[in-house]
Amino acid sequence: MKILSSSQILAADEATVLKERITSEALMERAGTAIYNWIRINMMNLDGHISIFCGTGNNGGDGLVVARKLLEQKKKIHLYKIAGRSEPSADFLANEGKLKSTGAGIQTIESASDLPPLEYGDIVIDAIFGIGLNRTPTGIYKETIQHINNSKAVVLAIDLPSGLFPETPVEDHQAVIKADWVLTLQLPKFAFFLPENYQFVKRFEILEIGLDKNFIEDAVPIAQLIGRREAKILLKERNKFDHKGTFGHVAIVGGSYGKMGSIILATKAALRVGAGMVTSFVPGVGVNILQIAVPEAMVVADKNDKELTSTIPENTFKSIAVGMGMGTSEKTMDNFEKILRSIDHPIVIDADGINCLAEKRSLIGLIPKLSILTPHPKELERLIGKWANDYDKIEKAKGFSAKFNVILVIKGANTMVIFRESIYINTSGNPGMATAGSGDALSGIISGLMAQDYDSLMAAILGTFIHGLAGDIGSENLGENSLIAGDIIENLPGAFRQLREL
């Protein structure tokens with residue numbers, strides 16, 4: 001699913017009005033009806049009062065449509081209009097007139113003394129500002145937002161929590177609605193997927209309002225959301241006469257004394273995701289451990305017993321993952337440099353491989369083009385430097401990707417795959433996956449897909465989704481608290497099954 005900018009969404013509104021030969025007011029009616037229908041299905045069993053707070057723009061107009069629909073069903077509501085300095089939109093005025101013609105009352109909020117009491121269990125609908133907001137709320141707007149946030153009401157925001165910008169950082173965190181639900185129209189907004197905005201967007205629901213599909217299809221998105229449908233499109237079918245050679249040979253390179261678990265996890269994941277063969281290159285101390293833990297894999301021992309000091313015969317492998325548990329000693333770093341100089345096709349670099357790059361930055365220029373780096377936030381910081389906010393982080397990541405022609409998989413609640421200016425936001429996964437070894441499993445999954453002739457970007461996108469989906473299946477059975485990395489690997493078959501059965 002595409003994520004468009006606020007200006008693109010406004011243009012999609014205009015395109016829809018022109019194509020369907022309807023008024024913008026009719027489109028507002030469609031939006032308000034979709035919101036009302038969601039509330040009718042999901043919230044009508046709640047006993048609290050319904051209070052609707054409207055600005056005087058089109059977001060407020062949506063709120064007025066919802067209010068009229070609720071009144072038509074004899075629901076008791078309290079309707080408030082914030083008296084700001086901006087001129088009301090034409091569609092807001094039209095819907096205000098429709099409401100007044102029914103005898104419904106609209107209370108104007110001009111100062112803090114006009115703010116109504118809000119009780120525990122009440123439902124508040126935030127229709128103050130939408131995607132057109134271009135400055136931080138102040139005055140009575142900010143006071144109203146703080147009043148709502150300080151209540152114990154259930155807060156629903158229409159399209160976007162008021163005060164939250166769709167594509168730029170929040171300037172005043174005290175001037176943004178903290179929504180329990182965001183009922184967003186047609187497409188999700190980029191701001192929903194950034195850690196710093198989680199306090200404002202706990203959950204969101206996408207409501208279809210029939211915007212012009214051709215316009216959306218032709219638009220170049222600022223990001224793309226990867227769900228089951230998108231992941232299934234990437235998934236390849238196996239042919240009857242394929243064999244293990246068809247599905248490629250993976251090299252898993254890493255490990256050091258006391259850190260062999262990461263290699264076991266990556267090796268198992270590469271096999272479980274469908275690679276034909278996997279060979280693990282490990283220090284001598286890890287040979288017996290690997291052969292006992294993963295009998296399906298081959299193991300090659302480094303001449304050094306405790307750390308990696310030997311390069312690998314690269315030309316026999318279709319994909320390589322390097323760095324897990326490897327350490328960052330001088331000998332290991334020198335060997336890592338030799339490995340990078342010997343390879344001319346994309347590889348996966350994780351964990352200590354990334355730390356080596358950060359510590360000896362001359363190595364970055366040796367990374368094979370279209371390689372995949374899979375940093376967690378602290379590893380990313382070592383790689384690209386500190387960032388001022390999540391938006392700055394993404395811009396720095398895009399710049400790094402473009403400069404070195406690599407793909408970054410930025411791990412987190414909404415893992416992002418970044419390649420140059422393109423952003424792919426993953427939707428699978430859960431907090432239970434924040435556990436040691438989860439990233440090692442991901443590296444094995446991605447390298448296993450690359451061995452099966454998925455190109456780097458496809459492997460990163462699909463591998464990230466399958467990894468998260470396996471974690472979701474595992475958490476359903478075990479709970480988030482009890483999930484460990486091995487459970488993610490064990491549930492990979494279920495993840496593939498669910499995708500193929502779509």
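What follows draws every value from the coordinates through simple rules; no lab data is involved. Model, not experiment: these values are computed from the prediction. Please note: Cβ atoms are built from the backbone with ideal geometry, for glycine as well, and neighbour counts cover all protein chains shown.
Counting only residues at least eight positions apart within a chain, or on another chain, the aspartates and glutamates with an alpha carbon under 16 Å from that of Lys306 are Glu330, Asp334, Asp352. For helix 24-42, report the angle its Cα long axis makes with the longest principal axis of the Cα atoms of the chain; keep it between 0 and 90° and round to the nearest 10°. Result, in degrees: 70. Amide H to amide H distances under 5 Å link Leu225 with Lys2, Ile3, Ile425, where only residues 5 or more positions off or on other chains count and H is placed in the peptide plane. Cross-link check: pairs Lys76/Lys100; Lys189/Lys232; Lys74/Lys100; Lys19/Lys69; Lys259/Lys331; Lys232/Lys396 evaluated at a Cα-Cα cut-off of 20 Å; pairs beyond the cut-off: Lys189/Lys232; Lys19/Lys69; Lys232/Lys396. Proximity of backbone amide H atoms, modeled 1.01 Å from N, is registered between Lys202 and Ala179 at under 5 Å, excluding neighbours fewer than 5 places apart on the same chain.
Exceedance of the 30 Å cut-off in Cα-Cα distance is limited, within the set Lys202/Lys360; Lys244/Lys393; Lys244/Lys369; Lys236/Lys393; Lys202/Lys386; Lys360/Lys393, to Lys202/Lys360; Lys244/Lys393; Lys236/Lys393. DSSP assigns beta bridges within the chain; of those with both partners inside it, close to 20 percent run antiparallel. Counting only alpha carbon atoms, the long axis of helix 438-451 and the longest principal axis of the chain meet at about 70°. Estimated at 0.36 nm per residue, the fully extended path between Asp392 and Asn37 surpasses their Cα-Cα distance by 124.0 nm.
Values (1) 86, 47, 42; (2) 66, 45, 44; (3) 67, 57, 41 are given for comparison; Cα extents along the principal axes in Å, derived from the coordinates here, is the one labelled (1). With a simple spin-label model that places each label point 7 Å from the Cα along the Cα-to-Cβ direction, the separation between Ser422 and Ile22 comes to 3.3 nm. Comparing Ala31, Ile140, Leu194 along the charge dipole axis of the range 2-220, the residue lying farthest to the positive side is Ala31, per the Cβ-charge model. Using just its DSSP H runs of length 4 or more, each adding -39500 (n - 2.57), the chain gives a mean residue ellipticity at 222 nm of -12500 deg cm²/dmol after division by all residues. Against the chain, whose longest principal axis comes from its Cα atoms, helix 58-72 is set at around 70 degrees. Simple spin-label estimate for Asp114 and Ala436 gives 5.9 nm between the two label positions (7 Å along the Cα-to-Cβ direction from each Cα).
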